[in-house]
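Shown next, in structure tokens, is the structure this report addresses.
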Amino acid sequence: MFTYTLRRAGALIPVLLVVSIVVFSLGWLAPGDPARIVLGPEALEADVQKLRDSMGLNEPLWHRYLEWMSHAFRGDLGTSYFLNMPVSTAIGQHFGPTMQLAVLTIVYALVISVPLGTLAARWRGSAFDQGIAGFTLIGLTFPSFVLSLLLVIIFSVWLRWLPVAGYRDPFSDPWNGLRYLILPALSLGTIYAALITRTVRASVLDVLKSEYVDAARSRGVSENRLLFAHALRNAGLPIITMIGLSFASLLSGAVVAESIFNIPGIGSLLVNAIERRDYPVLQGVVLFLTIIYLGLNLLVDLLYGVIDPRVRLTDSVVK
Amino acid sequence: MAFKFTRRSLLGASVLALAAASLTFSNTCFAEEENTLVVAFGAQPPSLDTHVTTVSTTNVLARNIFETLVTLDASMNVQPGLAQSWSVSEDGRTYRFTLRSGVKFHNGEPLTSKDVVASLKRWQTYSLTGKSVFEGANWAAEGADTVVLNLPVPRFNALESLAPAYTQDPVIMPGVIAEAATDKPVTKLVGTGPFRLTNWEADRALELERYADYTSFDGTQSGTAGDRTPAFAKLRIEFVPDESTRTFGLSSGEYDIATPLAYDSISELRSSDELNLGSASSAMINLGFNFGKPGIFQDKRAREAINLGLERESVLTAAAVDPQFFRLNNHLMLLAQKQWAADVGKTDFNPADVTKAMNLLQEAGYDGKELVLITSRDYAEMYNSAIVVQQQLQRLGLKVKLESYDWSTYVKARADRQAWDLIILEASPKPAPTQLIFLNKDFPGGPQDAKLEDILAKFRKAGTMEQANELYRKLEEWNQSYIPSVRLGEVDFPFATSKRVQAIDVQYDLMFWTARLRD
């Protein structure tokens, strides 16, 4: 398994190289000028050109790429044109809120989806099961930005229970930190709850049809124990895959929710970097997200082996 | 007895959870943060260095931290600032400023003439106003509290140019910071202003606190002049790019001020008893011609046709929705800039004469060639006015293709003189007509005319306000005869405050230190 992990990690390098070249070229191809953004719309062209010179933007593209790569290999992703701070610091500052939101969203999605999915499988075909099917359908198809705005109107503007938008660090102010994350987690989590509920229901249904479940039931194992201890555990693989993929996409793609709820996360950092033509941040964030995405995929693969002893990870074949 | 999962138990648990949630949060509605003004601000500026950046939001935020040598009262008269007093030599070329005593920077260092000289030299080097008004000027320190400005020729607007403006305030920072700084924005933000910066979390918030050792200017507050001591202890500027989030946050009581607001939310906000609506920071909207590209608009008759044919009221209604937020104005300066009043061209403005316009276009020899009109979709007023302008131009028989871009691409496209024929320009107001960006020959597509350059050159050297006014009249005459761009009008940007904010003043934009809170 160790060799397998090493091989998978090594395979990341060419992927990252390709990603870095694509992102660098996209930054070059996109119209816009970071020096102009810094100096403002009315700055004269001569002043903009001078700043471009001092920012190194007039160097040939290949020269800038090689210089950036040589720094990146040493862990230096450059300095943001707009934020005036190292890119790694900017990523660090923005990753915390995204991570906290992703964890809360997944926790909320799991708290909803695992019992509902399991019980829907248990009471298959009942009114409850049909109700859950309806919930998952709405959850999957309802646009998340509409849900976000509905939640804001109900819980913030009408009831005034929760703040409209913003972010407080939950580590320094846990109660307020949590309050600011609840609405974004609800709006983001509903779609994942629906997705995971479907997966749980389908997987548990498969397991419930197995002979060993019948055998356990005939031995007098209680229904609840049978459902949650036996069936759910054995239905774990597809569920783990779904959770892993959901988590990875939450870490990289909560752009809409971060924008509506004004959370200074990695998604809004990426969008802002595009708008501001802040190329070092854009390149740094995309590289970082690629590593996160591939790393989580690898982690899910490794977890298969831990959860299901039948899965063996070797350096040649994944069974 | 072991717990059994039943549908009834599930329903019970759900009801219990909802009840618990309502009890938990019902008492947590927003406790107004005592002594703190919370502002939802539309965009984070690239820096707070007004010497180098022309972004207007930089100015609005920086003037809470930094101060200028002189200020402007509510009637736009020059008043003391960091300079307690000044004298002007008989030939109008030498200004001697005496600094206010006891003023300290936020780092505890006293303000000296060396700080002022270093700051204003840098501002003179990089800012548009500095370069335009103080070309060839020299700054010198005399002792610790006197600053001497020597001008090559008298300038009618030397003092006004040292006061706060819409963009690029000539702010004073410690000499060591100003001397070490280049054309890149400074990151050490140390001023003498009413607020001290305590924390700037990127893309999130700017936190400021009332400066304990603040030495205020004399007299009652009026405009940026007079007593500037804030009546509240903390100022938090939250960067909230989403317009609807700013509006919701204001309605829920989370923000005390939201700026700017979407024009289409005005009627809804106006109906609320909980909010007050205001306007700040006007901008001029022009339809510009590209003088850098050969084409139909090199012919004056074609420019005149557009000037006569457009119906501006509907363009401005599309741009700013409510008449409270727009005004028709064919003059170069804002209507509010009363020192630049001119009656040139008052009678035949906005005739919307389609027939005459079509005849003129025919005379100019328009051959049906497609014309490109560019605008930015990032600013609703620019995009919406472009849509109506395009329709009206098509009614005049012109074939117009509208290209709208995000702001960065728009600026890039604007610089490419072959890429467009017409442009929607949103220009910020300037203290003097000589600084108007759309009259600058170096601005992309800007007018190239010897007569204009002659008037501007004389204007820059005008020694008195009388001479300046006479030249302004000539400039207006030239503008309305040459038509370098079609003036559409001016728009204001709406903001709203909660009832907690009892009063707040505006000079160009919001002055947060003037806010009076209910608690």
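Here is how the numbers come out for the structure above:
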quantity: Residue match in the stretch A:246-258 (condition: within 14 Å of another protein chain (Cβ to nearest Cβ), closer than 30 Å to A:Gln283 by Cα and free of Cβ contacts under 8 Å to residues at least 60 places away in the same chain); calculated: yes
quantity: Within the stretch B:126-185, tally of residues that are among the acidic types (Asp, Glu), assigned to a helix (DSSP H, G or I) and within 24 Å of B:Asp91 (Cβ to Cβ); calculated: 1
quantity: Which listed residue is within 14 Å of chain B (Cβ to nearest Cβ) and either of a type outside the set (Asp, Glu) or exposed (fewer than 15 other Cβ atoms within 10 Å of the Cβ) (or both), from A:Arg52, A:Arg8, A:Arg74, A:Arg64; calculated: A:Arg52
quantity: Residue pairs meeting the criteria (Cβ under 7 Å; at least 6 apart or on separate chains; first within 16 Å of B:Pro433 (Cβ to Cβ), in the stretch B:124-139; second assigned to a loop (DSSP other than H, G, I, E, B)); calculated: B:Leu128/A:Glu42; B:Leu128/B:Thr54; B:Leu128/B:Gln168; B:Thr129/B:Ala165; B:Thr129/B:Gln168; B:Val133/B:Arg155; B:Val133/B:Asn157
quantity: Residues (more than 10 Å from chain A (Cβ to nearest Cβ), buried (at least 19 other Cβ atoms within 10 Å of the Cβ) and not charged (D, E, K, R)) located in the stretch B:405-424; calculated: B:Trp420, B:Leu422, B:Ile423, B:Ile424
quantity: Filtered residue count, the stretch A:137-147, keeping only those that are surrounded by fewer than 22 Cβ atoms within 10 Å (Cβ to Cβ) and more than 14 Å from A:Val256 (Cβ to Cβ); calculated: 4
quantity: Residues located in the stretch B:347-356, provided they are part of a helix (DSSP H, G or I) and touching a Lys or Arg at 6+ places or on another chain (Cβ under 9 Å); calculated: B:Val354
quantity: Residues located in the stretch B:121-141, provided they are surrounded by 15 or more Cβ atoms within 10 Å (Cβ to Cβ) and either more than 14 Å from chain A (Cβ to nearest Cβ) or touching a Pro at 6+ places or on another chain (Cβ under 6 Å) (or both); calculated: B:Lys121, B:Trp123, B:Val133, B:Phe134, B:Ala137, B:Trp139, B:Ala141
quantity: Matching residues in the stretch B:286-316 - criterion: being in contact (Cβ under 8 Å) with a residue 60 or more places away in the chain, in a helix (DSSP H, G or I) and within 30 Å of B:Ser267 (Cβ to Cβ); calculated: B:Arg312, B:Ser314, B:Val315, B:Leu316
quantity: Elements of type strands (runs of 3 or more DSSP E) contained in the stretch B:195-250, each with 1 or more residues being within 12 Å of chain A (Cβ to nearest Cβ) and among the charged types (D, E, K, R); calculated: B:195-201, B:234-239
quantity: Qualifying residue in the stretch A:98-114 (condition: of a type outside the set (Gly, Ala, Ser), farther than 30 Å from A:Asp206 by Cα, within 13 Å of chain B (Cβ to nearest Cβ) and within 28 Å of the chain's Cα centre (by Cα)); calculated: yes
quantity: Filtered residue count, the stretch B:64-77, keeping only those that are surrounded by 24 or more Cβ atoms within 10 Å (Cβ to Cβ), part of a loop (DSSP other than H, G, I, E, B) and either at pLDDT below 95 or among the β-branched types (Val, Ile, Thr) (or both); calculated: 1
quantity: Which numbered condition A:Ser252 fails, given (1) modelled with pLDDT of 85 or more; (2) closer than 22 Å to A:Gly78 by Cβ; calculated: (1)
quantity: Counted residues, the stretch B:82-132 - those being under 21 Å from B:Lys461 (Cβ atoms) and over 23 Å from the mean Cα position of the chain (by Cα); calculated: 8
quantity: Failed condition for A:Asn84, given (1) of a type in the set (S, T, N, Q); (2) under 30 Å from B:Gln435 (Cα atoms); (3) in a helix (DSSP H, G or I); calculated: (3)
quantity: Members of the stretch B:369-386 that are part of a loop (DSSP other than H, G, I, E, B) and either crowded, with 23+ Cβ neighbours inside 10 Å or in contact (Cβ under 8 Å) with a residue 40 or more places away in the chain (or both); calculated: B:Lys369, B:Tyr379
quantity: Matching residues in the stretch A:195-245 - criterion: being within 14 Å of chain B (Cβ to nearest Cβ), in contact (Cβ under 8 Å) with a residue 60 or more places away in the chain and among the small types (Gly, Ala, Ser); calculated: A:Ala231
quantity: Number of the exception - B:Pro45 against (1) in a loop (DSSP other than H, G, I, E, B); (2) within 12 Å of chain A (Cβ to nearest Cβ); (3) touching a residue at least 24 places away in the same chain (Cβ under 8 Å); calculated: (3)
quantity: Subset of the stretch A:34-49 (residues that are at the interface with chain B (Cβ under 8 Å from one of its Cβ atoms) and either touching a Lys or Arg at 6+ places or on another chain (Cβ under 6 Å) or over 25 Å from B:Asp49 (Cβ atoms) (or both)); calculated: A:Ile37
quantity: Conditions (1) free of Cβ contacts under 8 Å to residues at least 60 places away in the same chain; (2) crowded, with 23+ Cβ neighbours inside 10 Å; (3) away from every other protein chain (no Cβ under 13 Å); number of the one not met by A:Gly125; calculated: (2)
quantity: Meets criteria (among the hydrophobic types (A, V, I, L, M, F, W, C), touching a residue at least 12 places away in the same chain (Cβ under 8 Å), closer than 16 Å to B:Leu332 by Cα and away from chain A (no Cβ under 14 Å)) for B:Phe438; calculated: no
quantity: Which listed residue is within 14 Å of chain A (Cβ to nearest Cβ) and closer than 23 Å to B:Gly223 by Cβ, from B:Thr187, B:Thr182, B:Thr167; calculated: B:Thr167
quantity: Elements of type strands (runs of 3 or more DSSP E) in the stretch B:422-519, at least 2 residues being more than 30 Å from B:Lys401 (Cβ to Cβ); calculated: B:485-498, B:501-507, B:509-517
quantity: Scan of the stretch B:267-281 for residues that are in contact with a Leu (Cβ under 7 Å, 6 or more places away or on another chain) and either under 18 Å from B:Leu510 (Cα atoms) or surrounded by 18 or more Cβ atoms within 10 Å (Cβ to Cβ) (or both), ordered by number; calculated: B:Leu269, B:Leu275, B:Leu277, B:Ala280
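To keep it simple, each residue is scored yes or no on (1) under 24 Å from B:Ala43 (Cβ atoms); (2) surrounded by 24 or more Cβ atoms within 10 Å (Cβ to Cβ); (3) touching a Cys at 6+ places or on another chain (Cβ under 7 Å); (4) at pLDDT 85 or above.
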residue	(1), (2), (3), (4)
A:Ile263	yes, yes, no, yes
A:Ile274	yes, no, no, yes
A:Leu287	no, no, no, yes
A:Val300	no, no, no, no
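The values are calculated or read from the model by the stated rules, or taken from the named source; none is laboratory data. Model, not experiment: these values are computed from the prediction. All Cβ positions, even for glycine, are placed from backbone atoms using ideal geometry, and neighbour counts span all protein chains on display.
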